[in-house]
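Readers should treat all values here as calculations from the given coordinates under stated rules, not as data from a laboratory. What you are looking at is a predicted structure, and each value in this text was computed from that prediction instead of being measured.
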């Protein structure tokens, strides 16, 4: 069982996933800082409050922190947009590599060209 676990951990996909999770966590903290320290004050200028996370609605004993929810939505939208851009760039690179692979002629292509040239020459004679 330990051997199987070592093989599982040593796979490239698991290591890539771990790196992705770590980078994702770091990226999330950067986005959270961006929203908290730059975007929220900018939005706060327009609605009259600097910190959106302090926006609350009290109904009886219940407190609804809709400002924190707005922060979370902004964080999500920024992260989703950046992930979209990354996936779009990767897809563009992948398509370009596939096109390059498809344009490399094979031996069959050369043989077909030779056959076609010989047929054309036979028609001329």
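Using only DSSP helix segments of four residues or longer, with each worth -39500 (n - 2.57), what per-residue ellipticity at 222 nm results for the chain after dividing by its residue count and rounding to 500?
-26500 deg cm²/dmol
Could you estimate the translational diffusion coefficient of the chain from the Stokes-Einstein equation, with Rh from the Kirkwood formula over C-alpha pairs, at 10 °C and 1.306 mPa s, in whole µm²/s?
Rounded to a whole number, D works out at 77 µm²/s.
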